[in-house]
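Structure, as structure tokens:
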Amino acid sequence: MGRKLLLDKAHIEGIRYYDVYRKNGGYAAAEKALKSMSPDQVTEEVKKSGLRGRGGAGFPTGLKWSFLAKPEGVPRYLVCNADESEPGTFKDRYLMEFIPHLLIEGLLISSFALGANRTYIYIRGEYAWIPDILEEAIADAHKNGWLGKNIQGTGFDLDIYVQRGAGAYICGEETALIESLEGKRGNPRIKPPFPAVKGLWQSPTVVNNVETLAAVVPIINIGGDEYSKFGTGKSTGTKLISACGNLNKPGVYEIDMSISVEEFIYSDEYCGGIPNGKRLKACIPGGSSVPILPANLLLKTAKGETRMMTYESLNDGGFATGTMMGSGGFIVLDEDQCVVRHTMSLARFYHHESCGQCSPCREGTGWMKKVLLNIENGKGKMSDIDLLWDIQRKIEGNTICPLGDAAAWPVAAAIRHFRDEFEWHVTNPEEAVKRNFGLAHYADPLPVVAAVV
Amino acid sequence: MAEEKKLFKVKIDNIPVEVEPGTTILNAARLIGGDVVPPAMCYYSKLQGSGGKCRTCLVKVSKGSDADPRPMPKLVASCRTTVMDGMEVANITSPEVLEARKGVVEFLLLNHPLDCPVCDQAGECDLQDLSYEHGVSATRYEFKRRTFEKEDIGEHIKLHMTRCILCYRCVFTADQLTNNRQHGILGRGDHSEISTYIKASLDQTNFIGNVIDVCPVGALTDRTARFKNRVWFLKPVDAHRECHDPNCCGKTVLWMRGDEIFRVTARKDKYGEVEAFICDTCRFEKKDVKDWVVEGPRKVARYSVISQGHYVGVHKPHETVAKVMDGRQPKLLMDIHSVSEVNQPAVDLSKIEGPAHSNDFPKNNGAQ
């Protein structure tokens, strides 16, 4: 059994409510932090833990916190990014729905560490029922003296507000989120200045993912050093993975980052394999914007090593043969799935969600969608594949925010690894609308590269 | 007394220049001038917060600064990136930049209608210049372009959203020059549009006409001058008047033909930016030469198509019609019929033997 830190008490009935949560050791970490530690000590613990941002980029949280500018007389803000809109990712939803107090406690400790007296939870509008759960939890925490003025007699004040988004993927980008929180159009800001210097209302701001902030609670409970013993290498601690697609047991799993991808897909403790005896074709291990990998590259790296569920191992080989941990939206495709159709569907999503501020993303995402739609419907040309490659190359890196990259990577990876499937769609247009390409050679073992002496 | 200010040494395309701290790469390049200046479609030095959106001014920073010589990982928007001491920037010396810029131009033209032959902006259009200098001659886009209905936003301004490249300049203009912004961006992605929410008029302030001048394309045009003449047939003349509005500089360019003023605009520099903003009264209502003190012909760059109609002295063009027509008045209103008097659809030309003759077209409507 993998060890758990976040969801270890998720099975307890009524853990959503304050009394049960408190009875099961809740708010102990907050008590410890507020009463016996200084803000710098909390930050130091988080640094020691090696916790990396769980929203997708994997930036070390402690380091991010230490970048926060602390000018005198200017308020600082902590913003919790609960705008979880990445296709395939639904881990934060689970946390907020079932253990909201874990997030509140994490927010309390983090706000204390950062010196923020006002903290916002920006939640995506589609999670329409969760704000009620969070607000109830906030009200209960207030009633029991964990929020408001002079918390538990320590002199620290904190108020948490829940703000609903209006249904835009782009508002998960931290500066767009801040704009939206200020009541403006959710366009990403041009950086620099970074939010750590000028964020919400031009004040220093830290924006963290829900899971990151929740993970602060076990870090304080067991100590940063102990936390860093979970996982492997620089991928410390546990990670929530939301598994979906062709799996026997899709759902949210907390993994200790020391298991292999193969174990995660096939073991009964986790996803339990692929239904109906189908074979694995491809997988997107970190939410829709990370590169897709064929089965042979997913289970083993190009060097022939077993691929593990860690930041480094998933990234092994760079974009040529690797992928990314991303936000942990683990999407599995079996042999009956069409990669072209799948890529088209993602391109359609990014086209729909582009904010339209900068030209490469505004125009390029729509173009890619239209070309992919043609290929999918058997109207493509061979030159379209090269055209797609060229479009994605001209979007990537040339945009204001990472949405352009996120739109370009899936297309690039699909063409890189599944080019023959695209070509088959072009050369067999009638067949392509009727049946799928199938597994082809995508699960064949890779030729072992002889070590260069 | 003069306090010694530390200047930053910057190299752009290997040309050294010293600028004040806080200057952007684009403005440093403008100090050098010439070919190293990156093109800018959305940046406007007079408008705060503009820039960073069109991505045409992307440059490569090959050395961050003396203190931290690492290059920047991505191309950066030169209009929004400030220089550091010892920074080295590559613009036209970097093939990567040129290629990215070519890509951006292609993206900008993707949904642009390219209706230059009927567009009032043609001849003074930033996008036209940009695509001429940095674009390719053919498009690879094979799909329908997005279109919008033309819209009258106020008495004097026409919005032709189909041509818009979403530079946001007009939004900044309305924010910073007027105290009542009525228009903004609606929608998102490639279907986002500049508009007023539920057909509002923009005419409520006296400075909104400047959105026409800041618009880099023909999306916002002057309804008092629309379709009246092509810019290269008009003669730009510097003029000024005593304007009662304290915020209006009163210094304008009159676009004239003979004694007639077709259009009044602010004075634009070589980067297409106005020198100072003018009020709507000057722009839309003073179309009589008597209202103005004419200073003389405006200097127009040689490469501009406008320079073809540029001649010194305010002379009325010599009218030749009267001479050609022996003193008769020209028939100004042509009688254009929906059905030709000569051609008759009932007569099938392919059935007529030999060349058609007037006899083949009987006067009484086809009845033989």
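Each reported figure results from applying straightforward, stated rules to the coordinates on display, with no laboratory input. The shown structure was predicted, so the numbers you read here are calculated from the model rather than taken from an experiment. Positions of Cβ are backbone-derived with ideal geometry, glycine not excepted, and every protein chain shown enters the neighbour counts.
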Next on the checklist: Shape verdict for chain B, please, from the Cα gyration tensor: rounded (a/c under 1.5), prolate (a/b greater than b/c) or oblate.
Outcome noted: prolate
Checklist outcome for this item: When A:Glu105, B:Glu96 are ranked with the fewest other C-beta atoms within 10 Å first, the list becomes B:Glu96, A:Glu105
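Please go through the residue pairs A:Lys47/B:Lys6; B:Lys5/B:Lys63; A:Lys198/A:Lys370; A:Lys281/A:Lys434 and name each one whose alpha carbons sit more than 27 Å apart in this structure.
Those over the limit are A:Lys47/B:Lys6; A:Lys198/A:Lys370.
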Checklist outcome for this item: Ranked on Cβ counts within 10 Å of their own Cβ, fewest leading, A:Ile104, B:Ile352 go B:Ile352, A:Ile104
Item to check | Rounded tilt (10° steps) of A:382-395 against the dominant C-alpha axis of chain A | outcome: 20 degrees
Checklist outcome for this item: If one compares the long axis through the Cα atoms of helix A:210-222 with the longest principal axis of the Cα atoms of chain A, the angle in degrees, nearest 10, works out at 50 degrees
Checklist entry - Once you sort the root eigenvalues of the Cα gyration tensor of the protein assembly as shown as a ≥ b ≥ c, which label holds: rounded (a/c under 1.5), prolate (a/b larger than b/c) or oblate (the other case)? => result prolate
Checklist outcome for this item: Residues other than A:Ile292 with Cβ under 13 Å of its Cβ, Lys/Arg counted +1 and Asp/Glu -1, net out at +3
Checklist entry - Can you give the angle from 0 to 90° between the axis of helix A:130-143 and the longest principal axis of chain A, with both taken from C-alpha atoms, to the nearest 10? => result 20 degrees
Item to check | Theoretical ellipticity at 222 nm over chain A - DSSP helices of four or more residues, -39500 (n - 2.57) apiece, nearest 500 | outcome: -12500 deg cm²/dmol
Checklist entry - In chain B, which whole DSSP H runs stretch at least 15 Å along their own axis (Cα) and average -0.5 or higher on the Kyte-Doolittle scale? => result B:95-110
Item to check | Neighbour-count ranking [beta-carbon atoms within 10 angstrom, fewest first] of A:Glu263, A:Glu421 | outcome: A:Glu263, A:Glu421
Next on the checklist: Apply the a/c threshold of 1.5 to the C-alpha gyration tensor of the range B:8-106 and tell me whether it is rounded, prolate or oblate.
Outcome noted: oblate
Next on the checklist: Out of all DSSP beta bridges in the protein assembly as shown, what portion is antiparallel? Express it as a percent rounded to 5.
Outcome noted: 70 percent
